[in-house]
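*Asks:* One structure follows; several queries about it will come next.
The values are calculated or read from the model by the stated rules, or taken from the named source; none is laboratory data. Small disclaimer: the values here were computed from a predicted structure and weren't measured. Heads up, the Cβs are rebuilt from the backbone with ideal geometry, glycines too, and the neighbour counts pull from every protein chain shown. Side chains included, ligands, DNA and RNA excluded: accessible areas come from the protein's heavy atoms. Shrake-Rupley method; radii C 1.70, N 1.55, O 1.52, S 1.80 Å.
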Amino acid sequence: MNVDADWTARIRRLAAERDAVILAHNYQRPEIQAVADHVGDSLALARLATTSSARVIVLAGVYFMAETAKILSPERTVLTPDAAAGCSLADSVTADQVRAWKAEHPGAAVVAYVNTSAEVKAEADVCCTSANAAEIVTAIPADREVLFLPDQFLGAHVRRVTGRENLHVWLGECHVHAGISPEELRRKAAANPEAELFVHPECGCGTSALWQAGTGDLPAERTRVLSTGGMLEAARSTRATAVLVATETGMLHQLRKANPAVRWEPVNPHAVCHYMKMITPEALERSLRDGVTEVTVAPDVAARARRAVEAMIATGPAPVSVA
């Protein structure tokens, strides 16, 4: 499908007719990001889902993001342009597995990354994103065990940042981020000695990047582990002429838009999430035109999950209260 001014005009007309707001994740196709009302990371999209006054929310992202929007806005219609757009990380843990893990650690606080199903969120005390995971874990009393799921690389990063030895990490991963290796990062950094390094904590190279920076294998002063929202904020202020980015390649669109003077390059140009790219221009137009596919969450699951997601959104200077 050729995306042109006519397509953009149709999308905006359909959105107005349906009283819909289009929320797009940073990993979406550039044309989807360009036509969306708002683009952001998981935390930003969750917050936007609660503050928008639109009757319909169209979530251009993977399915758990649309579920999260529905959990937070049960009275609104939430549409996903493609219900098959899943997430390998979310699929790496089930609610039954969480319940069994909790039984092994009675009294532990369960911190679930937002990249999880509604059923898993319902088993958690609090959710988090890569932007606030360390802050949320720090707010839990130090003498209480923490079960962190499902991303092992983000969990390792949080353990390092917080120094928390009683934090147990589920061994899940995002197949895209796991494929960005420490060796690849080292090679790219050596070939671009002037470049800063922006590394997402879900990456297989995330924790090792900080270790390599500490040992001199990577430039410590130019190595930064950041959420996608953090990358965008850092992009606006960087004075580097080039930045190597270790995350899904869709993020480059927002970074280049934020600071076109910088040369933005992916550490791994093949780090593409095919689930995110399932939200095509055709799928978005069909979703708005036909009202498909509507996302539903069982009321009892949504009520339990909402507490965990709202605790994530409310995270700030005050401690997080967990049951």
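*Asks:* Quick one: is A124 open to solvent by less than 10 Å² (accessible area, probe 1.4 Å), in contact (Cβ under 8 Å) with a residue 24 or more places away in the chain and in contact with a Leu (Cβ under 9 Å, 6 or more places away or on another chain)?
*Replies:* So A124 fails the test.
*Asks:* Out of A240, A271, which single residue is in a loop (DSSP other than H, G, I, E, B), in contact with a Ser or Thr (Cβ under 7 Å, 6 or more places away or on another chain) and open to solvent by less than 30 Å² (accessible area, probe 1.4 Å)?
*Replies:* A271
*Asks:* So is H200 open to solvent by 50 Å² or more (accessible area, probe 1.4 Å), at pLDDT 90 or above and not aliphatic (A, V, I, L, M) or not?
*Replies:* In short, no.
*Asks:* Which members of region 94-105 meet the condition of being closer than 21 Å to A139 by Cβ and either open to solvent by 50 Å² or more (accessible area, probe 1.4 Å) or small (G, A, S) (or both)?
*Replies:* Matches in region 94-105: K102 only.
*Asks:* Shifting gears a bit: Residues of region 67-81 being open to solvent by less than 10 Å² (accessible area, probe 1.4 Å) and either aliphatic (A, V, I, L, M) or in contact with a Pro (Cβ under 8 Å, 6 or more places away or on another chain) (or both), which ones?
*Replies:* A69, I71, V78, L79 - these are the residues of region 67-81 that are open to solvent by less than 10 Å² (accessible area, probe 1.4 Å) and either aliphatic (A, V, I, L, M) or in contact with a Pro (Cβ under 8 Å, 6 or more places away or on another chain) (or both).
*Asks:* Would it be correct to say that T296 is out of contact with any strand residue (DSSP E or B) (no Cβ under 6 Å at 6 or more places or on another chain), more than 19 Å from A189 (Cα to Cα), hydroxyl-bearing (S, T, Y) and open to solvent by 80 Å² or more (accessible area, probe 1.4 Å)?
*Replies:* yes
*Asks:* Cβ contacts < 7 Å: first residue within 15 Å of A122 (Cα to Cα), restricted to region 57-81; second residue of a type in the set (D, E, K, R) and surrounded by fewer than 24 Cβ atoms within 10 Å (Cβ to Cβ), any location; separation 6+ or different chain. Result?
*Replies:* Hits for this filter: I71/R306; L72/R306.
*Asks:* In addition: Here are some residues: V309, V297, V301. Which one is in a loop (DSSP other than H, G, I, E, B), under 24 Å from A83 (Cβ atoms) and of a type in the set (A, V, I, L, M)?
*Replies:* Sole residue among the options that is in a loop (DSSP other than H, G, I, E, B), under 24 Å from A83 (Cβ atoms) and of a type in the set (A, V, I, L, M): V297.
*Asks:* Could you grab the pairs with beta carbons closer than 8 Å, sequence gap of 6+ or different chains, first residue in region 1-23 and more than 17 Å from Q33 (Cβ to Cβ) and assigned to a helix (DSSP H, G or I), second one open to solvent by 80 Å² or more (accessible area, probe 1.4 Å) and of a type outside the set (A, V, I, L, M)?
*Replies:* L14/R289; R18/R55
*Asks:* Here is a list: A131, A156, A142, A190. Which entry is assigned to a helix (DSSP H, G or I), in contact (Cβ under 8 Å) with a residue 12 or more places away in the chain and small (G, A, S)?
*Replies:* A156
*Asks:* Checking W101 against (1) more than 25 Å from M231 (Cβ to Cβ); (2) part of a loop (DSSP other than H, G, I, E, B): exactly one of these is not met. Which one?
*Replies:* Tallying (1) more than 25 Å from M231 (Cβ to Cβ); (2) part of a loop (DSSP other than H, G, I, E, B), W101 fails exactly one: (2).
*Asks:* Under 6 Å between Cβ atoms, which residue pairs at least 6 apart in sequence (or on different chains) link something in region 87-104 that is free of Cβ contacts under 8 Å to residues at least 40 places away in the same chain with a partner that is part of a helix (DSSP H, G or I) and open to solvent by less than 50 Å² (accessible area, probe 1.4 Å)?
*Replies:* Here the result reads A95/V120, each pair linking region 87-104 to a residue that is part of a helix (DSSP H, G or I) and open to solvent by less than 50 Å² (accessible area, probe 1.4 Å).
*Asks:* Next question. Are any residues in region 40-66 out of contact with any Ser or Thr (no Cβ under 7 Å at 6 or more places or on another chain) and crowded, with 24+ Cβ neighbours inside 10 Å, and if so, which ones?
*Replies:* Result: L45, A60, G61, V62.
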